[in-house]
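Here's the structure, in structure tokens; my notes come after.
The values are calculated or read from the model by the stated rules, or taken from the named source; none is laboratory data. As the structure is a computational prediction, the values presented were derived from the model and not from experiment. Every residue, glycine among them, receives a Cβ derived from its backbone with ideal geometry; neighbour counts consider all protein chains shown.
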Amino acid sequence: MNGNENTPAERAQVRAYDAIRALAFVGDLSMGQPTDHSLRTAWLAAQLALAAGEGDALAATSAQAALLRWSGCTANAAGFADMLGDDVAGREAMLAQRQGWAQPLERQGLEGATQGEIKGAIRPLAQIHCEVSGEVARILHLTTETEAALRHIFEAWDGSGMPDGLAGAAVPRAVYVVSLAGDLEILSRVYGLPQALSLIAAQAGTRYPADLAALVAKHAAHWLEGLATREPAGLDESIQTPQMLATTSTELIADVIDLKLPWMTGYSRAVASAAAACSARLGADEASEARVYAAALIHGIGRAAVPNAIWNSPGRLSAAEWEKVRLVPYWTARAGKQTGTLAQAAELASYAYERLDGSGYFRGASGQALSLEARMLSAAVAFVALGEKRPWRDALAPGEVTQRLRSEANQGRFDAEVVEALIDARDAPPRATHATRIRQQTLRLSARETDVLRAISRGASNKEAARALDLSPSTVRTHVESVFRKLECSTRAAATLKASALGLL
């Protein structure tokens, strides 16, 4: 550890592969897929690339792109929720190519819509997805080939794909490999291999090149048999690349998680900062402080499994909806079993909604079953959330947050000592990390640009941002264009992700 690594953020480094697996887990939940879907697709993609005789480089690029293929799907979840109603189930139906999956589009005035009209409605969402996925690859320092594949992951052989309508050899070869591998994994699981191959053959020469589709038809049975006998650890080992052995910040996972709901921008980082400050106040050692910080960053992994319509509900949830919410920490615990060096942090993160009196979820743990670290995490989650606006309530003022937390501590739901440490630490100045200071020096936004970026990153339209900041809509638009130009982005989600990584929000 060098002299600059003196904060939890700078100690919360993980192996890039484990961050990628966590992002793959989030993506699989978001798309309504089994949580090993992306891993299986990555292995199949590597096999297809090798069978095509195009070498280890394409196999490595295809595996990386397959693991991160859905890393942009939290960013456009709100758009798919508006379009399909249920962003999770709707996208699961879309991937399975189910008849009538686009039927909800009729609500958007697209009754009897043609394929072209459906693609036109989805294209802006594909742009968001691709730009965010590409940005994730860049932040992870993966190869330029992987980043290029992710920025064009929905392109098609005949030019009918998205986001740019590229065709033939203009599309990165890995895009076709990943598309075929993903279809084989999903369609064979949903319909069986014969029907899967029939659906793939019907799209040969249009969605993907005929030569690759022919290779899938030839080898699919053998590959799927191989998958059935391989343990996850064996799959992990077979698809890791040198770039995946480097380290990266756990904060990237938090930022991708929070993109699912614009009103949660920065929430996981705020919880992590509060939990770490609380830990320091209580005299925890550096290892414990870093562990709590990392757990707080990823405590929302399971949130991806819950449709946005539930999170955005202004009223009381039904029993069925509430059950989905109660499973959020369960899915976070499950993620820990698939994410290597993040396993310990994910297990702790799954206690984020437990309460000392046993009234929390999903375990209903209480008393001594909750470690001090778990008590700090759960209190920090509530502490930060209460001070932020939610669809079902307004933000509480700092004094009201203090009163609410102390009341809950008196009722035995939170640890009173932890609550007092959170309150004491609240007004302490944040510790700027050395890495953040360096990043901020590389890109300068004006104060107004930062204000506008902060507003739009939380879902405000230009008009809403203008009202909140007492600016004209045209001025806001000028600032947005300037921010996009400086951040080299064209979508709000990508700008939010990049600005978060640079410490600008």
Count of residues meeting criterion [part of a loop (DSSP other than H, G, I, E, B) and in contact (Cβ under 8 Å) with a residue 40 or more places away in the chain] in the range 284-322: 9
Residue match in the range 347-355 (condition: modelled with pLDDT of 95 or more, surrounded by 22 or more Cβ atoms within 10 Å (Cβ to Cβ), in contact with a Leu (Cβ under 9 Å, 6 or more places away or on another chain) and of a type in the set (Ser, Thr, Tyr)): yes
Test: residue 327 is closer than 30 Å to residue 459 by Cβ and not β-branched (Val, Ile, Thr): yes
Qualifying positions in the range 227-257 - farther than 21 Å from residue 62 by Cα, small (Gly, Ala, Ser) and assigned to a helix (DSSP H, G or I): 254
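Every residue, every condition in (1) at pLDDT below 95; (2) out of contact with any Phe, Trp or Tyr (no Cβ under 8 Å at 6 or more places or on another chain); (3) surrounded by 19 or more Cβ atoms within 10 Å (Cβ to Cβ), yes or no:
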{"position": "274", "(1), (2), (3)": "no, no, yes"}
{"position": "285", "(1), (2), (3)": "yes, yes, no"}
{"position": "294", "(1), (2), (3)": "no, yes, yes"}
{"position": "301", "(1), (2), (3)": "no, no, yes"}
{"position": "311", "(1), (2), (3)": "no, yes, yes"}
{"position": "319", "(1), (2), (3)": "no, yes, no"}
Residue 69 being outside any helix (DSSP H, G or I) and under 15 Å from the mean Cα position of the chain (by Cα): yes
Checking residue 263 against (1) of a type outside the set (Lys, Arg); (2) outside the structural domain of residue 418 (by TED's automatic domain parsing); (3) surrounded by fewer than 18 Cβ atoms within 10 Å (Cβ to Cβ), the condition it does not meet: (2)
Count of residues meeting criterion [within 17 Å of residue 418 (Cα to Cα) and in a helix (DSSP H, G or I)] in the range 258-283: 12
Looking only at the range 23-54, and only at residues there that are among the aliphatic types (A, V, I, L, M) and part of a loop (DSSP other than H, G, I, E, B), the one that is nearest to the chain's Cα centre (by Cα): 31
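Let's see how each residue does on (1) touching a residue at least 60 places away in the same chain (Cβ under 8 Å); (2) in the same structural domain as residue 497 (by TED's automatic domain parsing); (3) assigned to a helix (DSSP H, G or I); (4) in contact with a Gly (Cβ under 8 Å, 6 or more places away or on another chain):
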{"position": "83", "(1), (2), (3), (4)": "no, no, yes, yes"}
{"position": "117", "(1), (2), (3), (4)": "no, no, yes, no"}
{"position": "141", "(1), (2), (3), (4)": "yes, no, no, no"}
{"position": "178", "(1), (2), (3), (4)": "yes, no, yes, no"}
{"position": "188", "(1), (2), (3), (4)": "no, no, yes, no"}
Matching entry among 19, 60, 9, 78 (being outside any loop (DSSP other than H, G, I, E, B), in contact with a strand residue (DSSP E or B) (Cβ under 6 Å, 6 or more places away or on another chain) and farther than 22 Å from residue 186 by Cβ): 19
One residue from 471, 445 being outside the structural domain of residue 77 (by TED's automatic domain parsing), assigned to a loop (DSSP other than H, G, I, E, B) and more than 25 Å from residue 268 (Cβ to Cβ): 471
Of residues in the range 135-146 being of a type in the set (D, E, K, R) and surrounded by fewer than 23 Cβ atoms within 10 Å (Cβ to Cβ), the one farthest from the chain's Cα centre (by Cα): 145
Among the residues listed as 491, 442, 496, 475, the single one being surrounded by fewer than 19 Cβ atoms within 10 Å (Cβ to Cβ), out of contact with any strand residue (DSSP E or B) (no Cβ under 8 Å at 6 or more places or on another chain), at pLDDT 95 or above and of a type in the set (Val, Ile, Thr): 475
Hey, residue 230 within 29 Å of the chain's Cα centre (by Cα), surrounded by fewer than 22 Cβ atoms within 10 Å (Cβ to Cβ), modelled with pLDDT under 95 and over 19 Å from residue 53 (Cβ atoms) or not: yes
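Inspect the range 336-344 for any residue being under 21 Å from the mean Cα position of the chain (by Cα), touching a residue at least 12 places away in the same chain (Cβ under 8 Å) and on the phi > 0 side of the Ramachandran plot and give the result as yes or no.
Keep residues of the range 336-344 that are under 21 Å from the mean Cα position of the chain (by Cα), which gives 336-344.
Right, trim to touching a residue at least 12 places away in the same chain (Cβ under 8 Å) and you get 336, 338-342, 344.
If we keep only those that are on the phi > 0 side of the Ramachandran plot too, we end up with 340.
Yes; the residues of the range 336-344 include at least one that is under 21 Å from the mean Cα position of the chain (by Cα), touching a residue at least 12 places away in the same chain (Cβ under 8 Å) and on the phi > 0 side of the Ramachandran plot.
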Qualifying residue in the range 11-32 (condition: over 20 Å from residue 332 (Cα atoms), crowded, with 19+ Cβ neighbours inside 10 Å and not basic (Lys, Arg)): no
Test: residue 174 is in contact with a Gly (Cβ under 8 Å, 6 or more places away or on another chain) and either surrounded by 22 or more Cβ atoms within 10 Å (Cβ to Cβ) or part of a helix (DSSP H, G or I) (or both): no
